[in-house]
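None of the figures in this text is laboratory data; all of them are computed from the coordinates on show. A quick note: this is a predicted structure, and the numbers were derived from the prediction, not measured. FYI the Cβ positions are ideal-geometry reconstructions off the backbone, even for glycines, and counts take in every protein chain you see.
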Ligand code: NAP
């Protein structure tokens with residue numbers, strides 16, 4: 001039986017474990033998906049002594065720390081500088097570990113159907129790990145983008161810089177901050193929502209609740225909106241593709 005799992009610390013409720021366990025049952029796949037809450041990334045080699053492990057998902061705090069343990073990165077992980085999927089293969093006794101970033105695939109395929117020729121410029125709210133996957137997708141799509149951060153920094157906008165003009169010239173706005181996520185559902189990024197129009201696309205990486213305050217306020221202005229649920233499923237599907245292709 002092939003084994004898969006999620007490494008991170010601490011690990012609480014896991015979408016991935018539920019998703020893959022249900023998939024294995026539904027599709028009669030002889031596999032097992034476990035949670036590996038390792039306290040330090042240097043426990044990874046010990047974990048991999050189990051040669052049944054064929055693939056891993058990686059979460060906080062190891063998405064970057066895992067890179068020195070890998071034999072290579074595919075383009076998605078290299079462009080983001082973070083790994084959330086590892087493919088484990090063996091040639092004889094020689095183990096090979098390659099890192100991927102399936103958030104790139106998930107975000108690309110979730111936002112692309114929402115875009116048309118007028119969507120050439122984007123604002124990316126937040127500058128954490130998820131925002132880097134978003135940025136990588138915009139580079140690939142040829143969408144010009146600006147990060148928006150609480151901290152003033154070269155080439156990055158702050159929330160105070162978001163004038164009528166800035167909002168009207170950036171028709172894609174992505175929330176890549178945790179603001180509005182359950183249980184703090186009354187929070188939202190501090191952008192001037194009244195300048196949004198029906199030409200805007202507002203995408204929230206958050207998937208709980210279904211409609212964040214950010215999406216609600218954007219929808220009230222007539223913007224096209226989408227939450228992060230499809231992206232979440234797409235990145236999980238992509239993990240499976242990577243492990244089995
Ligand atoms: P993160 O590192 O915790 O935060 C991202 C950025 O948000 C931070 O770097 C910060 O940027 C900004 N931020 C944090 N707290 C804030 C606050 N109180 N007010 C304003 N800005 C704040 O999170 P992440 O890992 O990048 O993930 C971001 C969101 O995406 C999370 O909600 C996560 O669940 C979601 N996500 C969804 C998927 C999916 O498949 N749907 C995949 C990945 C992540 P500045 O310091 O520059 O302001």
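Here are some notes:
- Distance (nanometres) between label positions extended 7 Å along Cα→Cβ at residue 75 and residue 194: 4.5
- With coordinates expressed along the principal axes, the C-alpha atoms belonging to the range 179-245 extend over 47, 29, 15 Å, beginning with the largest.
- The mean sequence separation of alpha-carbon pairs under 8 Å and at least six residues apart, normalised by the residue count of the chain, gives a relative contact order of 15 percent.
- Packing-based order for 111-121, 134-144, 225-235, using average beta carbon neighbours within 10 Å, highest first: 225-235, 134-144, 111-121
- 5 Å-binned pair-distance histogram of the range 105-206 (Cα, whole percent): 2, 12, 25, 26, 21, 10, 2, 0
- Shape call, the chain: gyration tensor on alpha carbons, a/c limit 1.5: prolate
- Taking 0.36 nm per residue of separation and subtracting the current Cα-Cα distance, fully stretching the chain between residue 220 and residue 116 would add 35.4 nm.
- Distance from the range 1-69 to the range 138-206 (C-alpha centre basis), Å: 33
- Figure legend: label point modelled 7 angstrom from the Cα of residue 141 along Cα→Cβ; residues of the range 210-225 with amide N under 15 Å from it are 224-225.
- Residue 28/residue 169 FRET efficiency (R0 45 Å; Cβ-Cβ; nearest 0.05): 0.30
- Cα gyration tensor of the range 2-101 - equivalent ellipsoid semi-axes, whole Å, descending: 20, 17, 14
- Theoretical FRET efficiency, 1/(1+(r/R0)^6), r = Cβ-Cβ of residue 109 and residue 43, R0 51 Å, to 0.05: 0.95
- Residue 245-residue 159 FRET efficiency (beta carbon distance; Förster radius 35 Å; 0.05 resolution): 0.25
- All distinct Cα pairs of the range 52-95 go into the 1/r average, and the inverse of that average, the Kirkwood radius, is 11.1 Å.
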